[in-house]
Amino acid sequence: MYDIIIIGAGITGSFIAHDLSKKKCSVLVIDRDADVGNGATMANSAIVHAGYDPKPGTLKAKLNVRGNRMYPDICRELGVTYKNCSAFVVATDSEESEVLDRLAGQAADRNIEYKDLDGNAARDLEPNLSGAVIRALEFPTTGIIYPWNVAIALMEEAVINGTELRLNEEVTDIDCVSQSNSDAFYRVKTTAGSYEGRYVINAAGVYADKVYSMALKKESDFKITPRRGEYYVLDEMAKPVVSRVIYPVPGPNGKGVLVVPTIHNNVLLGPNSLPIEDKEANCNTSEALSYVKSAVSKTVENIPFDKVIRVFAGLRPSGDAGDFVIKESDELKGFVNVACIESPGLASAPAISEYVINEVMKEAFSFADKEEYIRRKPIVYMNELGDEAKNEMIKQNPAYGDIVCRCCQVSRGEIEDAINRPVGATTVKGVKKRVGPGLGRCQGGFCEPLVVDILAKELGKDKAEIRYDSPKSVILMEETKKGAL
Amino acid sequence: MNSRKIVIIGGGSAGIAAAIAAYNNGCDDILLLEKDAELGGILLQCIHNGFGLHRFGEELAGPAYAEKWKDMLKDLPVEVKTDTTVIHLDSDRNVTYVNPAEGYVTVKAGAVIMALGCRERSRGAIATPGYRPSGVWTAGTAQKYLNMQGYLVGKRVFILGSGDIGLIMARRMVLEGAKVLGVAEIMPYSNGLPRNMKQCLDDFDIPLYLSHTVTDIRGKDRLNGITISRVDESLNPIKGTEIDFDVDTLLLSVGLIPDTALLSEAGALLHPKTKGAKVDEHMMTSVPGIFACGNGLHVHDLVDFVSMEGEEAGAAAAKYVKGEFIPKKGYELMPGDGVSYVLPCVVSPDIMEDELEIKLRVKDNRRNVRLVLREGDKTIKEVRKLKTAPSEMEKVVVKKAELAAISGPMTLAVEDMG
Amino acid sequence: MTDTNKKVFTCIVCPRGCEVTANLDKEGNILSIEGNSCPRGETYVKNELLNPMRQLTSTVIIEGGIYDRLPVILSDVIPKGKMMDVMEALNGVKVKAPVKRGDVIVKNICGLNVDVVASRSM
């Protein structure tokens, strides 16, 4: 019997698992995917928004503002990169400028730092801003992260401190077992086993309504209709087209189509926002991609579309109520929904965890703090070290001098570390998420065979057993020349 | 800091030839850097034959061609470092490389020869709609898995793009037991060599869909199907022309792009068409002392020409470090009608060698044409051609004497025979 | 109508890819061959009409080499229809490093009077 079972190892589930791992309680995390942070966490704009945008009085507003303030310290403690890149929200006409007035008012109410700039002052700072921009609000506390790296680091630290993690297991049923109300517990059945827990935290992303229905034995009282967002990724450049996040003014469908720098000087263009019923349909469409292309041109000029290296699509878990649903079920005591975590879910995630543990479940989760808490050892990224430190690493382990991914300059040492760490990579995508080979302009064309080879060696498997991501995502089908058929 | 007279980056066919030529032209201090465990570059996975006809007068398999060059290099006093990746290059020719034995090392080079080869355009670069499952690779990646590691990536295969690597892989996959259901090419003509169309597709009854492209990719985990559609004259898919294929593998042969990350870092000007560096008559880039050649400069059809270009760059770099020519701003050479690009981009007749080989690609398939080099209205040189094709690089050789009177920019055009 | 017909071939002997036309009588006998740039083109077209020949390259398993497969090539062309037979005969063939370029890996494969040889040293 676990104290708490968390369903979903995305950014919210990982934050909650991490924060609970500091307390004296037993926690199991279950995810249907092959890796931590593989759903909405993997495919979004990767921005820690400042928090001026959500409607007053919503959980989104409260938790986004708080989350934005929590991130820099948390990332430093975890040893993952947080880049405080700042942002512009830009207006191109007087109507849009009125929206900026509203945002400025909300920012002032929430004590969020901002600057009001006219078009030319904004263009002095971001020369590729469209000539049509007449005014911009700058929000200097806006940050960018690699969301999956934060989720993996959180889960890694949780696992080091005793959390159990089961990947590739899909929850198939949940029963509330209550001999008497006071010692009720839940039996969570998965494709691989059955687990019991006194509390369940449902952080199942786009499937949170389905998971809640399993326990409720009837239709969930919230419904999640995913919103699909599609993106382009531009190649890393010495001088990316923008250095701040560029937002248009927000509209009824959310924050609009953005131009977003990434930590490694790539640029994301997107997303559109299309409600779809199919919770699996994270595919790209030519319609949405052309929409994104035309929409970004309204705020930013000189976008080098010949530097596109990838397109992707993500599904945001949008609820029907318009706000996050974070509460203990009225009907099932001890069952906590952390659902409908669409934008600004990433920015709010640390505050969501804090809210769940310290407010929603304050009494139930009043476990004592552990006397000893072990911090993770951050991944050493060679690109971030000075020359002497690099050579010191290579002296200790020559694999750090063997470059595998030449686009992103990732060494074999870093890849072996990614595989052998707690919550280590078991797949090509897992390696890519942790240390980056294949994220660059060749998209794995040169390095994938080498990464497969390293995975096979480190995991003691045949190369044909190595997967891209899920157990069904076969890479190599058959070895040649092995004798009669 | 270490200093070397010539540092060559890339030990494939261009880099090896450049090293040999640099030595033969009097340079005795050459460092050749190769990222892989042995010299040879991409040829090592090109196990098909057809290499070396121009250079050696015989048809060799890729690895055999590479080995012949390695044998020629073996006894020369050229220092070779394998498993060595170059990380930085600046405009003062400081080259920073890394390998497991030495760590990060910076050397100052008298001249640098860029021979880094090219990479394949990926699915991301062509922004194909659909899902992103395992099962979509560039042809070269599948070739590496098959020919060097001994693994077949799939059993039912479709190929997008009629580039030579795609055609070669179609045959290889069939011979190894896969079924290739077709090849789609977005242009109305094939991009591969005619012999590869014949011996890789026709021989195995593999259909070629011209003016078609892939418009959907299906499968959440592993690819399980694709859709192709006919495209209109502006290359946009036409609704209602979709054809579905149940395949587990999609290979891409949709173009090669010179690897120029280091050149950009050093500040070299790039050519908008070739995506490689702009070079002058000595294969020198806009950064003095940095030379470029091979597929890292512009993509070739035949490795023999890659080697020859490496030799040109090697010889020029050797002369440069000896001070035998002082680079100067020459006259521009531009593509005229019907030509998509021409190299070099700049020519200085007074410092050029006795002969200059101008390389060009035409824009479309034509018959009975002439390639005409002009300065203004004045014709400098004319070469007749029975047929020209975008898939085949053309050359025009001009003599120093023919360019002696040049005083302004030149163009090279394709014209019909009157 | 005439009693002759034309067959057009893309010559594959070298990367030049000449378009070669064979003029045939109604029995299929060759009357003339044109469009080839060298004598090998004529031979190719004659063979293509009577008995098409192809080069074949593949790999065999190698142990102790830098890679897991050794590239191989045939010492001469073989009838097109025999390619799959050779592929099958190569299945299961194993060699041990070191191997030198040109070493015979399988002698007289499938009785075709053609050897399978190593494309490289390893």
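Annotations
- Residue tally, condition outside any loop (DSSP other than H, G, I, E, B) and without any contact (Cβ under 8 Å) to a residue 12 or more places away in the chain, over the range A:472-485: 1
- Criterion applied to A:324, A:335, A:312 was being at negative phi, outside the structural domain of residue A:215 (by TED's automatic domain parsing), in contact with a helix residue (DSSP H, G or I) (Cβ under 9 Å, 6 or more places away or on another chain) and at pLDDT 95 or above, and the one residue passing it is A:312.
- Residue in the range A:356-365 that is farther than 30 Å from residue A:124 by Cα and within 22 Å of the chain's Cα centre (by Cα) present: yes
- Unique match (being under 26 Å from the mean Cα position of the chain (by Cα) and within 17 Å of residue C:58 (Cα to Cα)) among B:172, B:195: B:172
- Top-ranked residue of the range A:367-407 - restricted to ones that are surrounded by fewer than 21 Cβ atoms within 10 Å (Cβ to Cβ) and at the interface with chain B (Cβ under 8 Å from one of its Cβ atoms), ranked as nearest to residue A:157 (Cα to Cα): A:399
- Flag for residue A:9 being touching an Asp or Glu at 6+ places or on another chain (Cβ under 6 Å), closer than 30 Å to residue A:429 by Cα, crowded, with 24+ Cβ neighbours inside 10 Å and not basic (Lys, Arg): yes
- The combined condition, being out of contact with any Lys or Arg (no Cβ under 7 Å at 6 or more places or on another chain), more than 27 Å from residue B:254 (Cα to Cα) and either assigned to a strand (DSSP E or B) or among the aliphatic types (A, V, I, L, M) (or both), is not fulfilled by residue B:396.
- Of everything in the range C:50-61 that is in contact (Cβ under 8 Å) with a residue 24 or more places away in the chain and more than 9 Å from every other protein chain (Cβ to nearest Cβ), the residue that is surrounded by the fewest Cβ atoms within 10 Å (Cβ to Cβ) is C:51.
- Wholly enclosed strands (runs of 3 or more DSSP E) of the range A:214-332 bearing at least 1 residues in contact with a strand residue (DSSP E or B) (Cβ under 7 Å, 6 or more places away or on another chain) and within 27 Å of residue A:85 (Cα to Cα): A:227-234, A:245-247, A:258-261, A:267-270, A:308-316
- Checklist (1) of a type in the set (Val, Ile, Thr); (2) at the interface with another protein chain (Cβ under 10 Å from one of its Cβ atoms); (3) not in a strand (DSSP E or B) applied to residue C:99, failing item: (2)
- Applying the condition of being more than 20 Å from residue B:180 (Cβ to Cβ) and not charged (D, E, K, R) to the range B:225-239 and asking which residue is surrounded by the fewest Cβ atoms within 10 Å (Cβ to Cβ) yields B:234.
- Residue check for residue B:307: of a type in the set (S, T, N, Q) and surrounded by fewer than 17 Cβ atoms within 10 Å (Cβ to Cβ): no
- Which listed residue, of B:7, B:98, B:86, is without any contact (Cβ under 8 Å) to a residue 24 or more places away in the chain and in a strand (DSSP E or B): B:98
- In this entry, residue C:86 passes the filter for residues that are among the β-branched types (Val, Ile, Thr), within 11 Å of chain B (Cβ to nearest Cβ) and in contact with a strand residue (DSSP E or B) (Cβ under 8 Å, 6 or more places away or on another chain).
- Complete set of residues in the range A:2-41 that are of a type in the set (A, V, I, L, M) and either part of a helix (DSSP H, G or I) or at pLDDT below 95 (or both): A:11, A:16, A:17, A:20
- Hits in the range B:336-358 - residues which are surrounded by 16 or more Cβ atoms within 10 Å (Cβ to Cβ), assigned to a strand (DSSP E or B) and touching a helix residue (DSSP H, G or I) at 6+ places or on another chain (Cβ under 8 Å): B:347, B:356, B:357
- Tally of residues being within 8 Å of another protein chain (Cβ to nearest Cβ) and either of a type in the set (D, E, K, R) or closer than 22 Å to residue A:405 by Cα (or both) across the range A:453-472: 7
- Residues in the range A:313-333 that are touching a Lys or Arg at 6+ places or on another chain (Cβ under 8 Å) and buried (at least 20 other Cβ atoms within 10 Å of the Cβ): A:313, A:314, A:315, A:316, A:318, A:324.
- The condition of being out of contact with any Asp or Glu (no Cβ under 6 Å at 6 or more places or on another chain) and more than 23 Å from residue A:10 (Cβ to Cβ) holds for only one of A:311, A:300, that being A:300.
- On the stretch given as the range B:195-227, residues that are away from chain A (no Cβ under 14 Å) and not aromatic (Phe, Trp, Tyr) total 16.
- Some residue of the range B:243-258 being free of Cβ contacts under 8 Å to residues at least 60 places away in the same chain, surrounded by fewer than 21 Cβ atoms within 10 Å (Cβ to Cβ) and assigned by TED's automatic domain parsing to the domain that holds residue B:159: yes
- Residues considered: B:81, B:68. Of these, the only one that is touching a Phe, Trp or Tyr at 6+ places or on another chain (Cβ under 9 Å), without any contact (Cβ under 8 Å) to a residue 24 or more places away in the chain and not assigned by TED's automatic domain parsing to the domain that holds residue B:139 is B:68.
- Some residue of the range A:421-428 being of a type outside the set (Val, Ile, Thr), crowded, with 22+ Cβ neighbours inside 10 Å, out of contact with any Cys (no Cβ under 9 Å at 6 or more places or on another chain) and facing chain B (nearest Cβ under 9 Å): no
- Among the residues listed as B:105, B:112, B:95, the single one being within 12 Å of chain A (Cβ to nearest Cβ) and either among the acidic types (Asp, Glu) or under 25 Å from residue A:236 (Cβ atoms) (or both): B:105
- When residues of the range C:62-83 are limited to those that are of a type in the set (Gly, Ala, Ser) and not in a helix (DSSP H, G or I), the one nearest to the other protein chains (Cβ to nearest Cβ): C:65
- Test set (1) surrounded by fewer than 20 Cβ atoms within 10 Å (Cβ to Cβ); (2) assigned to a strand (DSSP E or B) - residue B:113 fails condition number: (1)
- For the residues A:46, A:34, A:50, the requirement of being assigned by TED's automatic domain parsing to the domain that holds residue A:165 and either crowded, with 20+ Cβ neighbours inside 10 Å or under 26 Å from residue A:312 (Cα atoms) (or both) singles out A:34.
The values are calculated or read from the model by the stated rules, or taken from the named source; none is laboratory data. No experiment lies behind these values; they were computed from the predicted model shown. Here Cβ is always computed from backbone atoms with ideal geometry, including for glycine, and neighbour counts include all displayed protein chains.
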